[in-house]
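Undergrad: What follows is a single structure, and I will ask about it in a moment.
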Amino acid sequence: ARHLYICDFHKNLIQSVRNRRKRKGSDDDGDSPVQDIDTPEVDLYQLQVNTLRRYKRHFKLQTRPGLNKAQLVEIIGCHFRTIPVNEKDTLTYFIYSVKNEKNKPDLKMDSGVH
């Protein structure tokens, strides 16, 4: 049987592979030193639609109303990859939380880790 369409999952999978190839190819230009680091992929499809909508609302991402899950994942994925992360502060926060068996420490960190 001939396929007349492609599902959103496979469409996004193909696009993500293409984007990774473009990023690796653009390293030769020297435009983006941040992309020299191989970042792990986060599977946003594992999240519920309500969680994706809360993320969108929290970060005040401008989108049109009535997006489906695949469209939310695409928009949120683009935003998520642009968030700068201070690894040292994040690891310090994580270790502190684990040692003190708390979800959030009493002191506020200046790095903006939530």
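Undergrad: At what distance in nm do the modelled label points of Ser97 and Arg57 sit from each other, each positioned 7 Å from its Cα along Cα→Cβ?
TA: 2.1
Undergrad: Ordered by residue, what ³J(HN,Hα) values in Hz, to whole numbers, does segment 41-56 give under the Karplus form 6.51 cos²θ - 1.76 cosθ + 1.60, where θ = phi - 60° and Gly and Pro are x?
TA: 7, 10, 7, 6, 5, 6, 7, 6, 4, 4, 5, 5, 5, 5, 4, 4
Undergrad: Quick one: how many lysine pairs in segment 42-102 have C-alpha atoms under 25 angstrom apart, if they're 8 or more apart or on different chains?
TA: 4
Laboratory data are not the source of any read-out in this text; all were calculated from the coordinates shown. None of the values given here were measured: they were computed from a predicted structure. Neighbour counts are summed over all protein chains in view; Cβ atoms, including those assigned to glycine, are modelled from backbone coordinates with ideal geometry.
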